[in-house]
Each structure stands twice: as structure tokens, then as C-alpha cells.
Number of protein chains: 2
Amino acid sequence: MKLRKYNVTVVFEPEGKKVEVPSGSTVFNAAKEAGISIRSECGGKGTCGKCKVIVKNSRAVSKITEAERKHLSKSEIKLGYRLACQTIVLQNVTVMIPPESRLESRKIQILGLERKVKLSPLLKKFYIILPKPTLSDIKPDLERLLDVLSRQIQNVENLEIGYENLKKMPNILRDANWSVTITVWNDRRIVAIEPGDTSNYLLGFAVDIGTSKIVGHLVDLTTGRTVAMGSIENPQIIYGEDVISRITFAAANNANLKTLQKLLINGVNKVLRETCRKAEIDSSKVYETVVVGNTAMHHFFLGIEPRYIALSPYTPALKKQIHLIAKELNLKMNKEGIVTTLPIIAGFVGADAVADILATGIHESEEISLLVDIGTNTEIIIGNKDDLLCCSCASGPAFEGAHIKHGMKAVTGAIERVQINPNLEVKYETIGGVKPSGICGSGIIDLVAEMLKNGIIDKCGRFNSKIKTKRMKKDDGMEFIVAWDNETVTGKAITITQKDINEIQLAKAAIYTGCSILMKRKNLKDRDINRVFIAGAFGSYLNPENAKIIGLIPDIPTEKIKVVGNTAVMGAKMALVSKEVRKKAEEIANRVRYLELANDPDFNQEFLKALIFP
Amino acid sequence: MKLRKYNVTVVFEPEGKKVEVPSGSTVFNAAKEAGISIRSECGGKGTCGKCKVIVKNSRAVSKITEAERKHLSKSEIKLGYRLACQTIVLQNVTVMIPPESRLESRKIQILGLERKVKLSPLLKKFYIILPKPTLSDIKPDLERLLDVLSRQIQNVENLEIGYENLKKMPNILRDANWSVTITVWNDRRIVAIEPGDTSNYLLGFAVDIGTSKIVGHLVDLTTGRTVAMGSIENPQIIYGEDVISRITFAAANNANLKTLQKLLINGVNKVLRETCRKAEIDSSKVYETVVVGNTAMHHFFLGIEPRYIALSPYTPALKKQIHLIAKELNLKMNKEGIVTTLPIIAGFVGADAVADILATGIHESEEISLLVDIGTNTEIIIGNKDDLLCCSCASGPAFEGAHIKHGMKAVTGAIERVQINPNLEVKYETIGGVKPSGICGSGIIDLVAEMLKNGIIDKCGRFNSKIKTKRMKKDDGMEFIVAWDNETVTGKAITITQKDINEIQLAKAAIYTGCSILMKRKNLKDRDINRVFIAGAFGSYLNPENAKIIGLIPDIPTEKIKVVGNTAVMGAKMALVSKEVRKKAEEIANRVRYLELANDPDFNQEFLKALIFP
């Protein structure tokens, strides 16, 4: 039977790249068409199993083959994993290419500004030697252990012991000939009982769960130093670029929520495994994990119903720091280890913002600071040690390359820097220095700023039809050619369209409006701001001058602007190593005032003003 | 293919009845031969599924049939469940008949002496109405809830909330339109969040896990009254009558330990389900379970390695009261409900003994009391409010009918009362008033006492060959006919043998020795004892006069002896309804001194003395 061919659209994540191919193409070939390289050793015979991808809608592709069943585990099949070379596209479909199947790598910001803190981790180790029981000393194991510990910990009678440790204790004590190391959390709970003296290591894990990526630091709590770092795309991306689409998916039924939670936990586990592998330690030696993330990720991680974050009045399920046991969440660290989520501020200002504040120290400074953590959702905080005011703005995924005709994420092949000289010649740089396959966020901002400077677009964002250059062409609407067809991977020109310019206007206006309303409510002018911190992965590749030219951020002298990288994970790390920082985190979450932008009387006016380029 | 027939022995539990049948017989027919009735509606066609039994060694019987797979769940098959009518005996085998497959019922003591206590349960319910969130009041759900609760509970910021409740909270609050009932345990942890006002009920479960049976009380914590009771044979019995054989089985590998734990949890769940069914309530409304049991059952219930209890110096894993979450143990009550095990005293004096003390109040009385809880393992406690001394003796399963030729447990058809008049005629009563099929513990004690009185045996336990009666016969050795062959279910005479008498001597000597050594160590004579409490199911059917005649207990006036029934479960119930009683339980566990009998210099001498009938 011959199928009638028609054209279908395949969207590849995390790039967000779209491609049109005839129905009946394999996912592998569609990816090639889109300029994305997927690993393969067998050349598409289905025998190497390297080209694993995740397909969102299984009905949009051919049925799973025997070859695939050989290479995929049951749980992978359940999550939508397929082999790209065996999967035939029948309808429009979204396909996620997980990092292990990629030949290229995305730039993920795994470091950021960090402040030194005095080491005071909640975890402590005690190497103890117990007297052996005899017929005249029949004290039970646990009481025997607590007795010796009581010389080092106060109120030892209140020390909790988890079920897993209780079960293993009798055998460990005897196998270790009564000399063991006890790991205690917060003088309150026994986390581990290990044979012999293991007090030479004490490890924790700090992780930032972003909407688009997960970044983790494995930290030596005896020195406070990161011993290994790792990162991964957030595997939830297949259910939507932005948090709202994921919340909508999760709200449909409890199974969906569980799927999203599982994907997230799997993602965190992958980063944890990667860092442990790098550090050559067993993950059971990780005794605490401190988690930050925006409120939606925080809820997804905990498997808590997130829908009310998205519905007015946008109330989260909880605000305060909580502690769970690793096995409850299926986190692959020590089974009885502690999982701590830092407190959140509000429905759209999460624990990542608290961590940003901790890492930049704006809550302790006399100086007035403006902190902008740019992402699909942008958090803005303004103030100093006396008062901090924050808000959240839906800047959307345009800076991540979505909704932009040739947009893509900051992966190999993306145009990340652009210059246009007065005779309208275009110079660009790509990530990895290879042939371009699209433009990423920082490239788009450069491009719009250069187009403004050169009069290619006007202050309203409209193309200037008087400009004469071969680079301007009319297709559906006006567009400007950035890279000629013979320069690109796909052989097709990379352009920026009128629609793209408008998307950027909306995104930058959202952020600018947030800044300006916060400044208004705090009664501050541009000149009052002493420091600007641009946080987040996207911000790291941003040219601050160009960001000011397009009006993404207020017009503050560049020397006052500091690009600080992934401060969220650094703040989590600070909390991991310090009891005092955790207390600070609680204080910050309770003290920082939240402004609901949508509710502000000046919002509409400010937003319309911000749409115009400065 | 025709199998060559040979004879095999089938042991049926919990009766402990042995029967010899030709190989190739069905389990169903072997049971009939043994005088035990198993339920059946289809007459052995394998279609009704009523004749479920548990087979210990699957290789001793035929393979599972298709008919069985239809009626048994996967987890049942894993645990050794079969249909009796489909299972053919090939080798010697032990078969457990669970209560649901029985036509007869065993007398299980589900009540006992109980002292009134002032109600002060750790569980409390609060019906609260929360203000609805608005755009100007965006407090998160948990903080909103704690805020209102803080009017009724102090230090509400320390209140813990479990993972299950956290996940469900946002939807419950909104579905209930912000009016909910919060169940709080010990002012420390939120156990349940329920829509509307549910403060009219508050239920807990008290359970005694004995070596041979599990007894539970469903208790209304608002009144302190038992609303339903239930009981079941301990399903572990298939792995041994006594705790030592079960510990040996569990010590072989971790899977065995898990099997024994699972059987126990299943058993407790069955009693819980039964009581909830009787009370017509959903088991999710049970918020706390208080568990007592001997130390081995305590460890099995928690899944803790029990082998060290059985090895010198017999140290248990822990002594103190602990609290776990129901879902950790897979207990089918409220998932986030609390499971409390009362403290234990020593390796062979468990939480059941603590409960016995609580229920009889011997720890608060001026009077000197002797408490004897008779079972496969017998616990003895002596003293008063100033000092209590205890020990444990391996009385063995003889009083449960095991190791006795025609012994059986106290189920329908067991001879439970015996009188022999001077012309050596025997009168007996059976449980249920039916034809006898064996003799149970209380019947055996009566029988031995009557044989002593009538000179049929001498003080050393030897048959008196001078006695002339048709009831005396010589087979392997001497035996005495209790019921003629035409009086019994099986058509075979029920007798007591020389070996049986010796078994009883050993068992009663063990108990008597425990009493006499404790009295010696406390410097007490028979006349110093003001009260004797005989606890335990077996004790309930005991004739105290005859117990003294055979020297099971010291010679103390009968008016001072009180048979108190299942005080273990009553003590558990007292702890369930009262915070103060739990504190008392901790005090008792720490205060009661334990004497290791095997270690006592007088033990051998006292034991040899006690073997002789008084």
C-alpha cells in the first residue's frame, strides 16, 4: 500500500526549530533537513540505538517497531522515547532530542556570581565506637548508639531515625564491628549509618530547576567547594516551552501531573548521576539536596497541583522551606537523605529569585540594586537592605528563539553576535564557529539594535521601505536577510521578519514595563539605581549596550551593569553549605514585597510606552 | 502416567493437626481426613474459588492450574496461595488454612482487663474556615491554613505536613470552598486535611500482634470506646509455630524477612478491614494505629533484622516508642496516618508485656503482683510500684497443641475441659459442642491434673502400670484413651501418651522456674504475693486449680488469681487514647528490670525441681 504524500511540520526541541517534510519521512531525516545532527552509528538501520528521541504525540508517527523495543526500556517507551531512524512522521509533531542523542551541545550557564559564606552545613558526621553488647549490657542497638552520640549532640532523645536506616542498623553495626559513622541532619535526624570512619567526605547537591534547563553543583560540605557541575535540558520541554502550557497539560488529570513530575525528577537524577560520575563518588554519599526553581518548577518537582499558580489570584500551595526524604521523591541520592526546597516569594517569583538575591547580596546592601533574571518568565527585584519589591513578567520564549521565524536556542550553529555596518553589510558569529542554522536570543537583540542604529527599522519597529539593499525582500511580509542561502547549513537564507521584530517588541516591553513600574512604586529614577544585575543563562550572552538600545532595560550607565550568570544555582549552593543562609532565605521570602503587575493601574499605559524603541 | 502411591504427611495450620494420606490426594481431601472443614461451593471443581489455602513448600505439591490462576491474585500466588481442591500432595507438606476459608472458628481472646484512663489522645481535629485568597491577599495555601490553625495550636510554624497531604491540599481547599477539618497528631504533624466539618469522628486502631494471632480494636477517640473488634491467625504461622523458627527463616536472606513482614502487615490490614467493615467506616478515617507485640513480632512488623534477638546476648534493635507513617509500612489506614509501636523491655519481653502492665496497673499498686502472660513464649513480671522484675521463658507450643499426639489449637472440635471420676470414667467438653477431633491446651492441663489426682500418672509423670482400665493401652509406648474411636470425628480414638505428658512437664516447668527465680531474686515467698494475673488467650480458658495441681504456677490461693484475658490489646488501646499512658509506657520500659533466666546460676536446679509434679 502506497501512502499519499502530503507535507507535515516537525518541531524539534529544545531548539524550537520547525521543518516541513513530506509525510513518510523518518524523524532522523527530518532532523537532518532542519540542520540538527542526531547521533547514529548504524546509519539508520535501528541496530545501534543511539538516535533516541522523545515524541510528544505517539499517534502522529508510525507504531513502535521490534528494533525499538530492543533498545528502549519499558519506562522509556512509556515516556514517549523512540528511535529517530525507525519513526515515520505521519502528522504534525513535536520531537525532543535529549542531550545524549545530540552531536551538538547547548551553552548552559552553570556558574554565576557567588558570595563567600561561613561554612555551617546542617549535615554533620560523627565517627563513633560503640561498646559491644554483652549478657550484662543488653542495651538495644538504637539506644546504644544514641547513648554514645549524646556526648556530641544535645537532646539526643529527640533525634529521629528513618525507616530505611532503622531496618539496616542491626546488621551494619555488627558488620562494622561497632565502629560506625553517623550522619546527622540539623541535630534532628539520622541520615546515614555507615561502617567505619567515613568522616573524610560529606557531600551535598545544589540544583536549579529552570523552565528550560536543570543545573546542578555537587558540593563538598567540608570545604564549601563545588567538586563537579552538570546540566541538562529540562525534559518537560516536550510538553511546552513555557510554564503555562505545562500547567495546562498537568491540570487535565493527575496522570499528566505525575508524568511532568517524573520527567523533572529523572532530569535532576541525570544531572546528579553526571556530577557523581565526574567526581567518582557513589550517589548514596550525597546526603542533602537543596532545590531552587521558579514556583511552577517547585510545584512540579514536588508533584503538587500547580494550576492555581496560573489562575487569579495566582496563589502557590506553599511558601516556606520544606524538607522531604529522598526516597519519597525517588531522588537517586542517599535514600534517607534530605531534600530541601528553598522558600518561594509568590506564584511567579520562586525560590530561584530568593537564590538570586542571596547570591548577589542585594538584601544586605545600602545601595539601590535592580536585579533582572531573564527567562521565559522574567523576575525583577528592586531595592536595598531596607526594602525589596519584586514582580514577574511574562517575557515569553522569544529570547529563547521561539516564535521567531529562524529563531533557535543558544546551541551550536546559532548566530549569537551580529553587527551591521553603515553600508548594510552584516557580520555575524555563530556558537561553535560553524555554518549558521538560525539565530538565538542574544543574536536577535544585536540584530534589532543594529537595524535600529542603521535605520532599517524605525522606532515603532516598522521596516523602512526607503532603504535599498538586496538584503530586504518581500515574501509574506517584509524581511531582512541576515545570512545568505549559500552561507547556511540548510542552504536556505536566514532572515528576520516584521513579525519577528514585533515579537521582540512585546518581549522587551514586558521586561521594561516591569522595571519601570517597580521603579515608580519605589519612587526611583534611572539615576538612583546604583547597580544592575542581569542574571540567567540568556542574560549571560547579552550585549548590555544593545539591550539598552532596544529598550529591554532602563538606560543606566553600562559600568553599573553586571552580568552575573546562573545566580540561582549559586544561591542554592550557599544555602546548602550554611544554616545562616537558610535562615536568611526564609527572611527574604517573607520580607520581599510582591507586586502583581497585571493588577497595577499604570500597567497598560507603561506597556504601550515600552513597545516603542527608545 | 500413573504415579506410584506412597504415604505423605500433611500438617494443617493453625490447628497444627497432622494427617497421613496417600500421595496424590488433594489438599482438600487431606483436610477432610484430618477432620477439618474447608469452605467449598463447587464441590472441588475449582470454579468457586472458596477453598484458598497457603502451601509452604510449592515443590511438595502439584503445579498451579489455570483454574487457580483465575481465582488467585498475583500477590496471592507469590505468597503461596492455592485452591485446596486443585492442589495435589506429592510430598510431606504444611498447609495453612486462612480464616476466610474455614467453616469453624477459633476462640481468639479479643478482650481483656482494662483500666479506665482519662481521655487525652494525641490526635485532635480542628474544623476551620479559611479566608479565600484574593489579588490583595495572595498568601499561599499552607501558610493560610497555618495562620488560622495558629489560633488553636501553639508553635504552628513547627507543624510538619507530609508529602501526600501537601500534594492534595490545593485541590481539597478549593473543592471544599475553604472550609476544612485538619487532623493534627501530637501538635506536631498534620495527618489529614478533609473537606467540610468531620470533627464528629476521630478513630484509632489498637493492635496486638501475637505469635499465633493478631487482635485489633477500632477505637472512637472522642469517647475512648471500642467500636469494633476483630482478629485473625497470624499468617506467619506457616513459617513456624514459634518465633525462633521464623527468625531462622528470616535470617537466611532479606527476601525471607520481607515475606514475613508482608504476611504480618497483610494480617493487620485484614483485621483493620474487618473492624472498619463492622463499624461501617472507611479505613482512611483511621488516623493512628498503636501496635504491641513481643519483640520478634515488633521487629517483623517493622521489617527489622530480628536475628540478634535470638543470638546471645539477645539485643533488640531498639527499645523506644517509634512513629512511622502508614504508607511507609503499607498499612491500609489513612496514608499519612501515624503508626506507633509501644516500647519494648528486652529481646524476649516486648511491647505486649508493657501493655499487660499498663492494663493490670501492677506498676502503680502497693500490692505485690505476679503477672504471667502464657504463650509459646511466656512473659513473667513480678513486683509493685517500687520495682518490677521480669523474665521470659520458652514454654514452647505444647499448650497450643503442638508436639502433642492429638493436640490441636482451641478451635471448634477441640476438647477443652476434662474430668476423670474415681472409677476412671472420662467426661469432656468440646469447643462448639461438636464431636471431638483433638485436645487443646486447657483440656490437656485438666487431663494431666485429673490423671495425677486419680493416680494414673505419678509425680514424675510416669504412667502407673498398676491401674487397670481399658483406657490404658500400649502402642509405641503407654497411652490413655480420652475419647473412644466411635465418639470422634475421624473415627480414631483420642489419646494422651507418655511423650505428651513429658512435653507438658517441660512446658509447665519452664513457666514455674521463671516464677520461682523471679520470686527468689525479689526475696518473696508464695504468701507474699497479693495478686496473680494470668494473661493471654490460653490463660483465659485455664482452670487455675488444675494449673496449680500440675505446678504450672506457684501455689497461691485461688481467690488471689485473676484471669485477665488479652491485656496486651487493652494496654495498646489505653495508650491509643491517652498521652499520659504513653509516657507511662516509656517509663515502664525503662524501669522494669530484665533478668536473663539462662544466665541465672539457680536456673538448672530450679528447672529440674519444677519438672516433678507437686
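Bear in mind these aren't lab numbers, they're just calculated from the coordinates by the rules spelled out. Quantities reported herein were computed from a predicted structural model and do not represent experimental measurements. We place every Cβ from the backbone using ideal geometry, glycine too, and count neighbours over all the protein chains shown.
Taking A:LYS320 as the anchor, which aspartates and glutamates have their alpha carbon closer than 14 Å to its alpha carbon, excluding any fewer than eight residues away along the same chain?
Output for A:LYS320: A:ASP352, A:GLU586, A:GLU587, B:ASP141, B:GLU143, B:ASP147, B:GLU157, B:GLU160.
Using θ = phi - 60° and the Karplus relation 6.51 cos²θ - 1.76 cosθ + 1.60, list the HN-Hα couplings for region B:263-280 in order, rounded to whole Hz, with x at every Gly or Pro.
4, 5, 4, 4, x, 4, 4, 5, 5, 4, 4, 4, 5, 5, 5, 4, 8, 6
Taking N as the number of residues in region B:186-273, what value does Rg over Cα atoms divided by 2.2 N^0.38 Å take?
1.41
Going Cα to Cα from A:LYS63, which aspartates and glutamates come in below 19 Å? Please leave out same-chain ones fewer than 8 positions away.
Straight-line reach from A:LYS63, under 19 Å: A:GLU76.
Could you put B:ASP242, A:ASP386 in order, starting from the residue whose Cβ has the fewest other Cβ atoms within 10 Å?
A:ASP386, B:ASP242
Compute the angle between helix B:498-521 and the longest alpha-carbon principal axis of chain B, please, reported from 0 to 90 degrees and rounded to the nearest 10.
50
Let me know the volume per residue of the alpha-carbon convex hull for region B:203-341, in Å³.
Convex hull volume per residue, Cα atoms: 93 Å³.
Let me confirm one metric for peptide B:163-170, namely the mean number of other chain beta-carbon atoms within 10 Å of its residues' beta-carbons.
Taking the mean over all residues of the peptide, I get 6.
State the extension gain, in nm to one decimal, for the chain segment bounded by A:ASN253 and A:ASN599, taking 0.36 nm per residue of separation less the distance between their alpha-carbons.
Here the answer is 121.6 nm.
If the limit is 21 Å between Cα atoms, which of B:LYS139/B:LYS285; B:LYS435/B:LYS562; B:LYS167/B:LYS258; B:LYS124/B:LYS335; A:LYS258/B:LYS167 go over it?
Pairs exceeding 21 Å: B:LYS139/B:LYS285; B:LYS435/B:LYS562; B:LYS167/B:LYS258.
Only helical DSSP H runs with n ≥ 4 go in: add -39500 (n - 2.57) per run for the protein assembly as shown, normalise by residue count and round the 222 nm mean residue ellipticity to 500 deg cm²/dmol.
Helix contribution divided over all residues of the protein assembly as shown: -8500 deg cm²/dmol.
What does the charge count near B:GLU479 come to, summing +1 for each Lys or Arg and -1 for each Asp or Glu among other residues with Cβ under 10 Å from its Cβ?
Overall, the nearby charge balance is +2.
Which of B:LYS459/B:LYS499; B:LYS168/B:LYS573; A:LYS459/A:LYS499 have a Cα-Cα distance over 20 Å?
In this structure, B:LYS168/B:LYS573 lie more than 20 Å apart at Cα.
With the Cα gyration tensor of region A:74-182 giving a ≥ b ≥ c as the square roots of its eigenvalues, does the rule (a/c under 1.5 for rounded; else a/b larger than b/c for prolate; else oblate) give rounded, prolate or oblate?
Prolate is the answer for region A:74-182, as a/c is 1.5 or above and a/b outweighs b/c.
What are the radius of gyration and Dmax of region A:422-552, computed over its Cα atoms and given in Å?
When restricted to Cα atoms, region A:422-552 yields Rg and Dmax of 16.6, 53 Å.
In a shell of Cβ-Cβ distance under 11 Å around B:PRO313, excluding B:PRO313 itself, what net charge do Lys and Arg (+1) and Asp and Glu (-1) give?
So the environment of B:PRO313 carries a net charge of 0.
Once the label point is set 7 Å along the Cα-to-beta-carbon vector, what list of distances in nm do you get between B:ASN57 and its counterparts in the other copies?
With the label placed 7 Å along Cα→Cβ, B:ASN57 yields 6.1 nm.
Over the C-alpha atoms of the protein assembly as shown, what are the Rg and the largest Cα-to-Cα span, Dmax, in Å?
38.0, 136
May I ask for the percentage of alpha-carbon pairs in region A:355-445 that lie more than 19 Å from each other?
Considering region A:355-445, 55 percent of its Cα-Cα pairs are separated by more than 19 Å.
Give the angle, between 0 and 90 degrees and rounded to the nearest 10, that separates the Cα long axis of helix A:163-175 from the longest principal axis of the Cα atoms of chain A.
Rounded to the nearest ten degrees, it is 50.
Tell me which residues come under 5 Å, amide H to amide H, from B:VAL8 once H is placed; ignore anything under 5 positions away on its chain.
Correct list: B:VAL21, B:SER23.
Can you pull out the cysteines in chain B that have no other Cys Cβ under 4.7 Å?
Singleton cysteines: B:CYS51, B:CYS85, B:CYS276, B:CYS390, B:CYS391, B:CYS393, B:CYS440, B:CYS460, B:CYS515.
I need the peptides A:512-520, B:322-330 ranked by packing, meaning the mean over residues of other C-beta atoms within 10 angstrom, with the highest value on top.
Descending mean neighbour count gives A:512-520, B:322-330.
If you count, for every residue in A:326-335, the Cβ atoms of partner chains within 10 Å of its Cβ, what is the mean?
Across the residues of A:326-335, the mean count of other-chain Cβ atoms within 10 Å is 1.
Using only the Cα atoms of region B:123-195, construct the convex hull and provide its projected area averaged over every direction, in square nanometres to one decimal.
So the mean shadow area of the Cα hull is 4.4 nm².
Roughly what % of Cα-Cα distances in region B:373-499 sit above 22 Å, to the whole percent?
Summing the P(r) of region B:373-499 above 22 Å gives 41 percent of all pairs.
Considering only DSSP beta bridges with both partners in the protein assembly as shown, what is the antiparallel share in %, to the nearest 5?
70
Fewest first, what order do A:CYS42, A:CYS440 take by the number of other Cβ atoms within 10 Å?
A:CYS42, A:CYS440
Quick check on region A:411-467: of the DSSP beta bridges with both residues there, what percent are antiparallel, nearest 5%?
75
State whether chain A is rounded, prolate or oblate according to the following rule on the C-alpha gyration tensor (a ≥ b ≥ c being the square roots of its eigenvalues): a/c under 1.5 gives rounded; otherwise a/b larger than b/c gives prolate, and the remaining case gives oblate.
Oblate shape, in that a/c is at least 1.5 and b/c is the bigger or equal ratio.
When Lys and Arg each count +1 and Asp and Glu each count -1, what net charge do the other residues less than 15 Å away from B:ILE445, Cβ to Cβ, add up to?
That works out to -3.
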